[in-house]
Amino acid sequence: MTTKAWTPSQILLTLLGTAVSILFLAPFAWGLFTSLKSETEAVEVPPHWLPEDWTGQAWKALFESGNITNWFVNSLVVSVCVTSVVLLVSALAGYGFARTEFRGKSVLMGVVMAGLMISPAVLGVPLFTTVQQMGMVDTYWGMILPQCAPAAMVYILYKFFQGIPRELEEAAFIDGAGRWRVFFTIVLPLSRPSLAAVGIFTFIASWNNFLWPYMVTNNPDLMTMPNGIATVMNSYGIQWAQLMAGGLMAGLPLIIVFVFFQRQIVAGVAHTGLAGQ
Amino acid sequence: MAASAHTIAAPARAKTAAGSATLRRKQGFQHGGWFVAPFLLLFALFVIWPLLRGVYLSFTDANITGEGASFVGLDNYREALNDPLVWDSLGHSAYFTLLVVPCITVLAFLLAMLAHHIERGKWLWRLCFFAPFLLPSTVAANLWQWLFNPGTGMINHVFGTETPWLTDKSYAMLAIVITTLWWTVGFSFLLYLAALQGIPGHLYEAAKLDGANAWHRMVHITLPMLRSITGLVIALQVLASLQIFDQAVVMTDFLPGPEGSTRTFVQYTLEEGFTSYRVGYASAISVIFFVIIAAVAFARMWLLRNREETAR
């Protein structure tokens, strides 16, 4: 660690990096400091960075007013379910498209690729009426299942599986292993970095998803974090200190995950073939 | 299925060992339908079916309950093409896209170069530049709504200005663009960073031996090696930006912004569908939007194909 020299160019770059980082982190600091002010101090003109009276009032009020823990649990349930289902079905589909033959494969692959362009944003209203017909409005199912068919994840894994040398699998087939066994004991373990990247990005997307839960839930008890904070907390007339505390609560889990797994995440991005395409 | 494959394999084994191996190998890669079935089921239910349903609804005057809808032919489409709000909102989404995409691409590249070349504390730079992307869009939007607040917000205070950011139509979309840059640049930054790490170091060493300076190395090695990732970053950003919704509605308190200046296309669709309960009409504008997105995506594929052909 201490072996790297502080050459002039490194010093310059580090200073530049520090300046840019401060710029990137300033909004977080602003949110955090606001959340530690009283509501009256939060709306003072002119604004100031640090609270004059440090208080945990907003945080306390956040938990006392109730909903937030519900929203947190909902977010967790939805994101964990979405991530598990997406990992399973897209790994299977990616492998199926990359490595097996069946009738109509190329047509189906084309249809799935076309699906890259379709998101709830594009087809929100018809998707809502479909989910409504299935009776899944204001249910966990309605929030979870429509997020579970991401063509992009299938494509990423398809690309990755194509890159695995066929010889590895052929050797196992010759030894008498079945297709499923090869998939679970040879292919999946090899794909851990790609699966990790797909899992992490699915989790982030699902945890942070606003539009779909916004459309499909009206019941505040069923809302997810981003949703509840944006719609319920705003509707009381904005209490900024509390809103900032709630926002940090919603953002913190993923930031902590990233701190611990950032090496794997960057490696995962490289591995998915996203970067090398 | 497996049994029949075995009966075919049996006589083959009798002939030659090599023949048997080929057959078994083929058998391993055949009949993969079950692998794709679970995904296709979900895909059919929640992507294809709503798409078809949307196309069908777009020819009706369906309301939110879906009852008593009658067929109205092309009326919705005719109305949409003459609806100034369709064009306005499409214009806002396009304007947003035109501002965001070039800025994000350049910014992500510069940040990645910075994080790649600083030798110490690599994880710290990654964390700083990527952290905003980890926030839910609504949280990022609230944070910046608060920063842009004319009296109590930090932005005007720091720069000594009195800009009415979110209440004036000439600034509102700009404020949303700035928020989006901060919030999403981290994702493209990570793609660039991964791509930079994938460039083989010996290319640079060879260039150094040939006397190339830092600028030459960037122009002749780094930039060409990053061409495909740049294409990907731009494509992903265009598709995502055209679909902008979250920041725009949250920062303007779920309203269309000053003089409707931040009403985006998705927002207009949802207004028609869920506020005016005109599901048929909303479906028609969704279909129009889908066609536009598809056209953009095909244009990209076509451009890529042409470039590959000229490269050969």
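Residues to consider are A:Ile174, A:Ile256; find the one that is of a type in the set (A, V, I, L, M, F, W, C), farther than 26 Å from B:Ala195 by Cβ, out of contact with any helix residue (DSSP H, G or I) (no Cβ under 7 Å at 6 or more places or on another chain) and facing chain B (nearest Cβ under 10 Å). Outline the logic, then answer.
On the way: A:Ile174 fails: out of contact with any helix residue (DSSP H, G or I) (no Cβ under 7 Å at 6 or more places or on another chain).
Criteria check complete, one pass: A:Ile256.
Here is a yes/no grid of residues against (1) at pLDDT below 95; (2) of a type in the set (Ser, Thr, Tyr); (3) under 27 Å from B:Ser188 (Cβ atoms):
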{"site": "B:Ala240", "(1), (2), (3)": "yes, no, yes"}
{"site": "B:Val250", "(1), (2), (3)": "yes, no, yes"}
{"site": "B:Leu255", "(1), (2), (3)": "yes, no, no"}
{"site": "B:Ser276", "(1), (2), (3)": "yes, yes, no"}
{"site": "B:Ala295", "(1), (2), (3)": "yes, no, yes"}
{"site": "B:Arg300", "(1), (2), (3)": "yes, no, yes"}
{"site": "B:Leu303", "(1), (2), (3)": "yes, no, yes"}
{"site": "B:Glu308", "(1), (2), (3)": "yes, no, yes"}
{"site": "B:Arg312", "(1), (2), (3)": "yes, no, no"}
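Is it the case that the stretch A:53-61 has a residue that's acidic (Asp, Glu) and touching a Lys or Arg at 6+ places or on another chain (Cβ under 8 Å)?
Filtering the stretch A:53-61 for residues acidic (Asp, Glu) gives A:53.
Retained after the next criterion (residues that are touching a Lys or Arg at 6+ places or on another chain (Cβ under 8 Å)): A:53.
Yes.
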Open item on the list: If A:Ser75 satisfies all but one of (1) over 26 Å from the mean Cα position of the chain (by Cα); (2) under 26 Å from B:Asp246 (Cα atoms), what's the number of the condition it fails?
Closed with: (1)
TODO: Considering only the stretch B:101-167, give the helices (runs of 4 or more DSSP H) lying wholly within it that have at least 2 residues that are more than 9 Å from every other protein chain (Cβ to nearest Cβ) and open to solvent by 10 Å² or more (accessible area, probe 1.4 Å).
DONE: B:154-159
Task: Residue selected from the stretch A:210-238 under the condition outside any helix (DSSP H, G or I) and of a type outside the set (A, V, I, L, M, F, W, C), by the criterion farthest from B:Ile64 (Cα to Cα) - done: A:Gly237
TODO: Pull up the stretch B:168-201, narrow it to residues that are modelled with pLDDT of 95 or more and in contact with a Gly (Cβ under 8 Å, 6 or more places away or on another chain), then point me to the one that is surrounded by the fewest Cβ atoms within 10 Å (Cβ to Cβ).
DONE: B:Met173
- [ ] Can you tell me which residue among A:Ala270, A:Ala205 is within 9 Å of chain B (Cβ to nearest Cβ) and open to solvent by 20 Å² or more (accessible area, probe 1.4 Å)?
- [x] A:Ala270
- [ ] Looking for whichever is under 26 Å from B:Arg300 (Cβ atoms), within 14 Å of another protein chain (Cβ to nearest Cβ) and touching a His at 6+ places or on another chain (Cβ under 6 Å) here; the options are B:Leu239, B:Leu190, B:Leu196, B:Leu181. Which one fits?
- [x] B:Leu196
Open item on the list: Just the residues that are away from chain A (no Cβ under 14 Å), in contact (Cβ under 8 Å) with a residue 24 or more places away in the chain and closer than 30 Å to B:Met218 by Cα, please, taken from the stretch B:78-100.
Closed with: B:Leu99, B:Val100
Open item on the list: Take A:Gln242 and tell me if it is part of a helix (DSSP H, G or I) and either under 20 Å from A:Val77 (Cα atoms) or modelled with pLDDT of 85 or more (or both).
Closed with: yes
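So that you can scan it fast, the table gives a plain yes or no per residue for (1) among the small types (Gly, Ala, Ser); (2) under 26 Å from the mean Cα position of the chain (by Cα); (3) at the interface with chain B (Cβ under 7 Å from one of its Cβ atoms):
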{"site": "A:Thr14", "(1), (2), (3)": "no, no, yes"}
{"site": "A:Leu25", "(1), (2), (3)": "no, yes, yes"}
{"site": "A:Ala29", "(1), (2), (3)": "yes, yes, no"}
{"site": "A:Glu39", "(1), (2), (3)": "no, no, no"}
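Could we say that A:Phe210 is aromatic (Phe, Trp, Tyr) and surrounded by fewer than 23 Cβ atoms within 10 Å (Cβ to Cβ) here? Talk me through it step by step, then tell me what you get.
Details: aromatic (Phe, Trp, Tyr): yes; surrounded by fewer than 23 Cβ atoms within 10 Å (Cβ to Cβ): no.
So A:Phe210 fails the test.
Take the stretch B:54-68 and flag every residue that is facing chain A (nearest Cβ under 7 Å) and open to solvent by less than 40 Å² (accessible area, probe 1.4 Å). Before you say what the answer is, go through the steps one by one.
Initial filter on the stretch B:54-68 (facing chain A (nearest Cβ under 7 Å)): B:54, B:57, B:66.
Within the stretch B:54-68, B:Gly54, B:Leu57 meet the criteria.
Looking at the stretch B:69-77, is at least one residue more than 30 Å from A:Thr7 (Cα to Cα), at the interface with another protein chain (Cβ under 8 Å from one of its Cβ atoms) and either in contact with a His (Cβ under 6 Å, 6 or more places away or on another chain) or assigned to a loop (DSSP other than H, G, I, E, B) (or both)? Steps first, please.
Applying the first criterion (more than 30 Å from A:Thr7 (Cα to Cα)) to the stretch B:69-77 yields B:69-77.
Next cut, at the interface with another protein chain (Cβ under 8 Å from one of its Cβ atoms) only: none.
The answer is no, given that none of the residues of the stretch B:69-77 is more than 30 Å from A:Thr7 (Cα to Cα), at the interface with another protein chain (Cβ under 8 Å from one of its Cβ atoms) and either in contact with a His (Cβ under 6 Å, 6 or more places away or on another chain) or assigned to a loop (DSSP other than H, G, I, E, B) (or both).
The values are calculated or read from the model by the stated rules, or taken from the named source; none is laboratory data. Note that the structure is a prediction, hence the values are computed from the model and not measured. Because the Cβ atoms are built from the backbone with ideal geometry, glycine has one as well, and the counts that use them run over all protein chains shown. Only protein heavy atoms, including side chains, enter the accessible area calculation; ligands, DNA and RNA are left aside. Shrake-Rupley method; radii C 1.70, N 1.55, O 1.52, S 1.80 Å.
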